[in-house]
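*Asks:* Just dropping this structure here.
The values are calculated or read from the model by the stated rules, or taken from the named source; none is laboratory data. From a predicted model like this one, the values you see are computed outputs, not experimental measurements. Backbone-built Cβ (ideal geometry, glycine too); neighbour counts: all protein chains shown. For accessibility, only protein heavy atoms count, side chains too; no ligands or nucleic acids. Shrake-Rupley method; radii C 1.70, N 1.55, O 1.52, S 1.80 Å.
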Amino acid sequence: MSKILSMRKDPGVFYSPVAPLPLILSYGLRLLESLIYSRNQHPDKPKTAWQQITSDIQSQINRHERYWWQRSGYALGVLLENAGYTDAAQVKILEFFAQRIIGSLGVANESGAQRWKSFMTDDNNPIELSWDWHTGVERPTVRFSIEPIGLGAGTPEDPRNERAAEEFKESILQALPDTDMSWFDHFEAFFSEGMARNSVEGHSSKVFWAFDLGEKELTSKAYFFPGYRARATNQSNLQAISDAIASAPSCTPEKLGALNIFSNFVNETKRVGRPPLELDMLAIDMIDSSKSRLKIYFRNRLTDFRSVCETMSLGGRIAGQDMDVGLGELRRLWNLLFDQESESEDKPLGQANHRTAGILYNVEFRLGGKAPKAKIYIPVRHYARTDEQVMRSVSLFMDRQGAQRLGKIKVAAKDGDHGREQSTAGRAESTSSTAYAKAFSTIFTENGISASRGIHTYIACSIQPGGALRVVSYINPQEDKLRSVPTTGFGLKS
């Protein structure tokens, strides 16, 4: 572990000077007090994975890295632990986070700091965590997304945050050498045209990265913004995205059937006089292009449930029993989130005058796929009452759906060991909502959860075979709502 950060201290990267001596002495006193308290109160309590990593890196990181580790890193550690990851997997993931991520999130949120305004979250936090509930039977999994940011981003030293992108890419390739960069390099180059101009997209972000955190491996995804090139070439965002895909390695015209279906839906929306769909991002999996998904993210300013059904089915182009059942399940979750059980499908959600208001969706497909698949991202940060209400609503829905699916699995399973095995696994997984609540109460203050909204950014839903919803909760670790990070002998709050 002593080498955990060795590859990140590049001589060409600017690091701010260390804290003044009085501050160091103050921190030292707090550390001594916390050590004494820890030994008196918890002499035999084993360290968590986060605590283990903290013990190894605390003397090797600067104050900016410490800031991100003790906030976002701690929140990630709590989610991993409560999601049921093994100790070994938690350590592996948090090592990756400490070694590759905390040095790429920009400066600490200090008084007077000039921070890059990331489009990742509405308060410009450059990291978003997520808890994937799956369909309520499987064990939950955790993911996170970031925008790589340099320490000088947004300053005269690096006004467009250009330095961090290449450094971060090289770092990830060192950590995850099996990452396939062929599509990344194509789309990065394609969408770079126009980036030297001022953005008309309402933000200056250019590339996001996301990481799926498995027990045995980490995989990455990348997100690109088409608006820069679209404006530079006098195209729509849809045209820019379509041209980018059509010119990608391994792509041929006969493989674009799913993209054509989506394009027809977007163009039809314009013709019938509805508010135009706003295409925001294109995402890819960092794997072989024959297996990678293409995901196009778009926003619809209409927020009534009838428009949700229209968008999820792409104007009726995606139909069938799975879609019918899935939209019924989605309506049940919608009612729980927004108290709309007695309301018409035509009733919109409340007003929200914001760049990210409305409903976010994506369509995903692979080259050669016959039809795209839609996913909805419900922006509860704008329309729900509180984060507590969001948490309770999703938990209630997932417990109910999980119980229903478990019942069907029990009926379908044959007698014998296999049937008993499925039943036992299902009972164990019914604790996911309890684990989620425990994680939230560990990370965030009670008032932060119950008195406001904004921790939950989106609740994402995709319709699975049979009509069940796969649900993901997206989480912004907002600093003003975090509990104090435990500093007992392994790190200091700055």
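*Asks:* Give me the Kirkwood hydrodynamic radius of region 79-226, using the inverse of the mean 1/r over all pairs of distinct Cα atoms, in Å to one decimal. Provide the component values of the computation, followed by the final result.
*Replies:* Numbers: mean 1/r = 0.0602 Å⁻¹.
When all Cα pairs of region 79-226 are included, the Kirkwood radius is 16.6 Å.
*Asks:* Continuing with this model, one more query. How large is ³J(HN,Hα) for each residue in region 241-252, as worked out from phi by the Karplus curve 6.51 cos²θ - 1.76 cosθ + 1.60 (θ = phi - 60°), to whole Hz, x for Gly and Pro?
*Replies:* 5, 4, 5, 5, 5, 4, 9, 6, x, 6, 8, 10
*Asks:* At a probe radius of 1.4 Å, what is the per-residue accessible area of GLU162, in Å² to the nearest 10?
*Replies:* The value for GLU162 is about 120 Å².
*Asks:* Still on this model: Kindly report the accessible area of region 148-280 per residue (heavy atoms of protein chains, probe 1.4 Å, no ligands, DNA or RNA), in Å².
*Replies:* Value for region 148-280: 45 Å² per residue.
*Asks:* Work out from phi, with θ = phi - 60° and the Karplus expression 6.51 cos²θ - 1.76 cosθ + 1.60, the ³J(HN,Hα) of each residue of region 103-108, listed in order in whole Hz, and give x for Gly and Pro.
*Replies:* Karplus-based 3J(HN,Hα) across region 103-108 equals x, 10, 10, x, 7, 5 Hz.
*Asks:* Considering only protein heavy atoms, with the full assembly of protein chains and a 1.4 angstrom probe, order SER393, SER344 by accessible area, largest first. Before the final figure, lay out the partial values.
*Replies:* Values: SER393 10, SER344 60 Å².
Descending order: SER344, SER393.
*Asks:* Taking K and R as +1 and D and E as -1, what net charge do the other residues with C-beta under 10 Å from the C-beta of ARG470 add up to?
*Replies:* Once positives and negatives cancel, what remains is -1.
*Asks:* Going by average Cβ neighbours within 10 Å, how do the peptides 327-340, 128-141 rank, with the highest at the top?
*Replies:* Sorting 327-340, 128-141 by mean packing, highest first, produces 128-141, 327-340.
*Asks:* Of LYS375/LYS408; LYS117/LYS206; LYS291/LYS370; LYS47/LYS169, which ones are farther than 21 Å apart at the Cα? Mind showing how you got there, number by number?
*Replies:* Details: LYS375/LYS408 24 Å; LYS117/LYS206 12 Å; LYS291/LYS370 14 Å; LYS47/LYS169 32 Å.
Too far apart for the 21 Å limit: LYS375/LYS408; LYS47/LYS169.
*Asks:* Show me, for region 469-474, the HN-Hα J-couplings you get by feeding each phi into the Karplus relation (A = 6.51, B = -1.76, C = 1.60, θ = phi - 60°), rounded to Hz, glycine and proline as x.
*Replies:* Each residue's phi maps through the Karplus curve to give 9, 8, 10, 10, 9, 9 Hz.
*Asks:* Counting only residues 5 or more places away or on other chains, whose amide H sits under 5 Å from the amide H of THR457 once H atoms are built in the peptide plane?
*Replies:* Counting only residues 5 or more places away or on other chains, the set is TYR474, ILE475, ASN476.
*Asks:* Top to bottom by accessible area (1.4 Å), largest first, where do LEU94, LEU176 land?
*Replies:* Correct descending sequence by accessible area is LEU176, LEU94.
*Asks:* Report the equivalent ellipsoid semi-axes for region 186-295 in whole Å, largest first, defined as the square roots of five times the eigenvalues of the gyration tensor built from alpha carbon atoms.
*Replies:* Taking √(5λ) for each Cα gyration eigenvalue gives 24, 19, 14 Å.
*Asks:* Over the Cα atoms of region 269-407, what Rg and Dmax result, in angstrom?
*Replies:* Gyration radius and largest Cα-Cα distance of region 269-407: 16.2, 48 Å.
*Asks:* Rounded to the nearest 10 Å², what accessible area does TYR436 show when all protein chains are kept and the probe is 1.4 Å?
*Replies:* Result for TYR436: roughly 0 Å² accessible.
*Asks:* Ok, one more. For LYS92, give me every one of the aspartates and glutamates with a C-alpha distance below 15 angstrom, ignoring sequence neighbours fewer than eight places off in its own chain.
*Replies:* Those aspartates and glutamates meeting the cut-off are ASP56, GLU81, ASP212, GLU215, GLU217.
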